[in-house]
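Read through the structure below, which is laid out as structure tokens, and then see the notes.
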Amino acid sequence: MKTLVVIAHPNSHESGLQSFLKESCSSLETVKIYDIQEDLKTFNLVEVQKLLKKQDRIIFQFPMYWYAAPDILYKWLEKVLTKSLYKDSLKGKELGIVINMGQKLSSFQAGASEHFTISELLRPFQAIAYKCQMTYLPPFSIPLFSYLNEKDKKKLLINYQHYVTKENDSRFLIRENWAIERLIELEKKRVIKDEENRLTSIRDALEDNRLELDSLLMSLEEMRDE
């Protein structure tokens, strides 16, 4: 699955979070980064639309400014979403949102300080997805990044990679397959030194669990048929 991450940040090079997320994608062969700010001077509508058409999943990635996306994203959308593009060319693709904010996530709910949920505030993008006949994915929220410790950042990295690359299917088997594929990819690229073969052991354990799960599912199917 091909994924395009569209970064909509007016100063992306000065953003610690955007640098972190870009680095998180550096080992992902199926993910391409498109930074709107970097493309402003050489923007080519035809080429950008060709790029969008090639993708299976498109991610809009931005900080929340006064309950909305930065103006740079809306101006880009006005140029890119021509009638010929949104009527046919994006049909069946997926649209996801990666958003960060300076408040804790629990603030975004009825009765809390921000009153509205993240999904409610992002409703215009859900409307865009429907207009383009795309599948709208649940938003991926990153609150208070600057306060995260190293352990939480590692967890964020894995969850973020999961969001941009995993098939849109919540079944455990799909999550397990994703983990195995990522481990194999890391082994091939030697991203992690695995002198004690710990990655191989983890991968083997996941595969064994998958075989056991498949066997249990078959047994359940047989019991149901009987």
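Observations on the model:
- Computed over the stretch 1-149: relative contact order in percent, which uses C-alpha pairs under 8 Å that are six or more apart: 25
- All Cα pairs of the stretch 1-99, percent lying beyond 18 Å: 46
- Relative to its residue count, the stretch 44-153 spans a Cα convex hull of 122 Å³ per residue.
- Amide H to amide H distances under 5 Å link Phe140 with Ile97, Val98, Ile99, where only residues 5 or more positions off or on other chains count and H is placed in the peptide plane.
- Amide H contacts of Thr135 (H built 1.01 Å from N, under 5 Å, at least 5 apart or other chain): Gly92, Lys93, Glu94, Leu95
- Amide H contacts of Ser15 (H built 1.01 Å from N, under 5 Å, at least 5 apart or other chain): none
Read the figures in this text as sums done on the coordinates, not as results from a lab. A quick note: this is a predicted structure, and the numbers were derived from the prediction, not measured.
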